[in-house]
Amino acid sequence: MRKIIILKYGELSTKKDNINFFISTLKENIKNSLKDLNANITYDKGRMFITSNDEYYESIISKLQTIFGLHEINSGYELKTNDLEEIKQSLISLIADREFTTFKVETKRSDKTIPMTSMEISRILGGVVLKNKDNVKVDVHNPEVTINVELRHNHSYIYFDKIAGLGGYPVGSLGKGLLMLSGGIDSPVAGYLALKRGVRIEALYFESPPHTSEAAKNKVKSLAQDLSKYSGYVKLHIVNFTKIQETILRQCPHEYLITIMRRMMYRIAERIAWKNNAKVLINGESIGQVASQTLTSMAAINEVVKMPVIRPVACLDKLDIIDLAKKIGTYETSILPYEDCCTIFVPKHPVINPISALCREYEELFDFESLIAEAVRTEEVIKIENKISEEFNNIL
């Protein structure tokens with residue numbers, strides 16, 4: 001009997017013909033995450049198994065809880081047999097030091113050559129527990145402990161504790177998107193939700209020095225690092241937006257400042273996405289939250305790009321987004337009081353139902369194409385990995 005971690009796939013198991021691709025992608029993601037922990041990984045279409053040295057198990061389970069594509073994480077024990085007598089003896093040993101008063105046994109029998117049914121095996125093993133553990137009784141509805149037994153070909157597994165995984169699909173299994181990452185609450189949550197659906201994200205941040213500070217940029221780097229916990233790394237593109245923003249301020253009616261600014265951002269985002277083989281743009285827009293996020297505004301802004309735009313939090317309440325931000329660990333960074341370029345130069349009365357024809361008319365007042373080309377050409381690119389970086393965290 002040896003200690004082992006048993007992983008269940010959940011949604012991946014519905015992929016049928018493509019399941020090998022999804023599982024192999026998941027294995028590579030896990031392998032990269034556990035590369036310093038001496039982990040040995042094996043898998044089949046039903047389960048993945050990890051063994052390592054005892055001192056690494058706690059760290060391994062902690063890292064597995066940040067990997068998309070896992071439905072359930074179980075710390076258990078492997079027997080290189082499915083002989084019922086050996087399973088009984090192992091079970092007696094495993095329950096000896098475990099404290100509980102109520103229990104049930106759940107058996108799964110993937111090896112159908114075993115003559116007994118799963119329910120029959122559960123009843124036999126339940127009797128073993130009752131005989132060898134004082135003052136315990138069966139409770140099939142609300143037990144303190146569920147004893148899980150799985151019988152597979154020439155192997156069996158016993159485990160007690162289940163940890164919920166993040167679910168979703170393995171990061172990178174469904175292509176790449178470019179996340180428009182501001183310093184706010186919403187866009188990191190949008191990035192997390194895109195990662196959960198298997199989308200590898202790169203991030204784009206617009207800075208506007210001297211109107212935005214170095215601390216604001218470091219805040220976004222920290223948010224990218226928070227997201228890298230779920231994906232291993234995030235490539236961050238930083239674009240200088242100062243000339244474009246100041247030009248819009250001089251040339252365009254103030255009520256249209258935000259609309260024109262967002263149209264420029266979308267154009268830049270699409271070009272950077274093309275350069276980096278991203279298939280979609282991703283942002284944290286939520287319907288009706290601000291003037292640029294009414295349906296009319298979204299339509300007027302969206303028309304400048306051909307690439308699909310995904311808005312994972314579009315239909316969530318602000319409180320729901322905040323709850324998610326707290327859950328994934330981005331909230332405390334997001335509420336740091338550093339302005340981004342979307343919050344400076346905000347007019348008193350921004351238009352909430354912009355007219356596309358007027359947007360195009362105002363854009364003809366300046367040479368935005370050359371400004372966009374310069375912004376894209378001079379972008380800064382940083383690869384932010386899932387590790388502590390004193391470079392910017394100390395500044396926040």
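The values are calculated or read from the model by the stated rules, or taken from the named source; none is laboratory data. Model, not experiment: these values are computed from the prediction. Using ideal geometry, Cβ is built from the backbone for each residue, glycine included, and neighbour counts are taken over all protein chains shown.
In the range 101-110 there is at least one residue matching the filter, namely being part of a strand (DSSP E or B) and at pLDDT below 95.
Could you check the range 120-136 and list, in sequence order, the residues that are surrounded by 12 or more Cβ atoms within 10 Å (Cβ to Cβ) and not β-branched (Val, Ile, Thr)?
Narrowing the range 120-136 to residues surrounded by 12 or more Cβ atoms within 10 Å (Cβ to Cβ): 120-130, 132-133, 136.
Once the filter is applied, which keeps residues that are surrounded by 12 or more Cβ atoms within 10 Å (Cβ to Cβ) and not β-branched (Val, Ile, Thr), the range 120-136 yields Glu120, Ser122, Arg123, Leu125, Gly126, Gly127, Leu130, Asn132, Lys133.
Among residues of the range 114-133 that are over 19 Å from His155 (Cα atoms) and touching a residue at least 12 places away in the same chain (Cβ under 8 Å), those with a Cβ under 8 angstrom from a residue that is of a type in the set (A, V, I, L, M) and in a helix (DSSP H, G or I), sequence gap 6+ or separate chain, pair up as Val128/Leu91; Val128/Ile92; Val129/Leu91; Val129/Ile95; Asn132/Ile92; Asn132/Ile95; Lys133/Ile95. With the condition kept exactly as written, say whether any residue in the range 262-276 is within 23 Å of the chain's Cα centre (by Cα), buried (at least 20 other Cβ atoms within 10 Å of the Cβ), more than 21 Å from Met298 (Cα to Cα) and not aliphatic (A, V, I, L, M). So far as the range 262-276 goes, no, none of its residues is within 23 Å of the chain's Cα centre (by Cα), buried (at least 20 other Cβ atoms within 10 Å of the Cβ), more than 21 Å from Met298 (Cα to Cα) and not aliphatic (A, V, I, L, M). Of the numbered criteria (1) in contact (Cβ under 8 Å) with a residue 12 or more places away in the chain; (2) over 30 Å from Leu174 (Cβ atoms), the one Glu246 fails is (1). Taking Thr14, is it more than 16 Å from Gly167 (Cβ to Cβ), at pLDDT below 95 and in the same structural domain as Val149 (by TED's automatic domain parsing)? Here the answer is no, as Thr14 does not meet what is asked.
The single condition among (1) surrounded by fewer than 24 Cβ atoms within 10 Å (Cβ to Cβ); (2) in contact with a Pro (Cβ under 8 Å, 6 or more places away or on another chain) that His211 does not satisfy is (2).
Quick check on my filter: what residues within the range 246-257 are assigned to a helix (DSSP H, G or I) and surrounded by fewer than 24 Cβ atoms within 10 Å (Cβ to Cβ)? Can you show your working first?
Pass one, the range 246-257, residues assigned to a helix (DSSP H, G or I): 246-251, 254-257.
Within the range 246-257, Glu246, Thr247, Leu249, Arg250, Gln251, His254, Glu255, Tyr256, Leu257 meet the criteria.
With respect to (1) without any contact (Cβ under 8 Å) to a residue 24 or more places away in the chain; (2) farther than 23 Å from Tyr192 by Cβ, the lone exception for Gln293 is condition (2).
Of all residues in the range 138-168, those being over 30 Å from Glu58 (Cβ atoms) and surrounded by 14 or more Cβ atoms within 10 Å (Cβ to Cβ) number 1. Among the residues of the range 12-38, those identified as more than 21 Å from Glu385 (Cα to Cα) and surrounded by fewer than 18 Cβ atoms within 10 Å (Cβ to Cβ) are Ser13, Thr14, Lys15, Lys16, Asp17, Asn18, Ile19, Asn20, Phe21, Ser24.
Look at Glu374 and say whether it is of a type in the set (Asp, Glu), modelled with pLDDT of 95 or more and touching a His at 6+ places or on another chain (Cβ under 6 Å). Even if it seems obvious, please write down each step before you answer.
Details: of a type in the set (Asp, Glu): yes; modelled with pLDDT of 95 or more: yes; touching a His at 6+ places or on another chain (Cβ under 6 Å): no.
In short, no.
Mind counting the residues in the range 223-242 that are farther than 26 Å from Leu371 by Cα and not in a helix (DSSP H, G or I)? First the steps, then the outcome.
Within the range 223-242, the subset farther than 26 Å from Leu371 by Cα is 223-234.
Among the residues that remain, those that are also not in a helix (DSSP H, G or I) are: 229-234.
The total comes to 6.
Mind checking which residues of the range 201-222 are small (Gly, Ala, Ser) and part of a helix (DSSP H, G or I)? Selection gives Ala215, Ala216, Ser222.
Taken as a whole, the condition of being touching a helix residue (DSSP H, G or I) at 6+ places or on another chain (Cβ under 9 Å), surrounded by 15 or more Cβ atoms within 10 Å (Cβ to Cβ), of a type in the set (Ser, Thr, Tyr) and assigned by TED's automatic domain parsing to the domain that holds Arg267 applies to Tyr192.
Of all residues in the range 182-204, none are modelled with pLDDT under 95, out of contact with any Gly (no Cβ under 9 Å at 6 or more places or on another chain) and farther than 20 Å from Lys383 by Cβ.
Look through the range 51-89, keep the residues that are surrounded by fewer than 18 Cβ atoms within 10 Å (Cβ to Cβ) and assigned to a strand (DSSP E or B), and return whichever of them is nearest to the chain's Cα centre (by Cα). Taking the candidates together, the pick is Glu72. The C-beta contact set for the range 207-220 (first residue under 18 Å from Val381 (Cβ atoms) and among the hydrophobic types (A, V, I, L, M, F, W, C), second residue surrounded by 22 or more Cβ atoms within 10 Å (Cβ to Cβ) and modelled with pLDDT of 90 or more, distance under 7 angstrom, 6+ apart or interchain) comprises Val220/Leu181; Val220/Tyr205.
When Ile41 is tested against (1) buried (at least 20 other Cβ atoms within 10 Å of the Cβ); (2) among the hydrophobic types (A, V, I, L, M, F, W, C); (3) assigned to a strand (DSSP E or B); (4) free of Cβ contacts under 8 Å to residues at least 40 places away in the same chain, only condition (1) is not met.
For the range 349-384, residues that are in a loop (DSSP other than H, G, I, E, B) and in contact (Cβ under 8 Å) with a residue 12 or more places away in the chain total 11.
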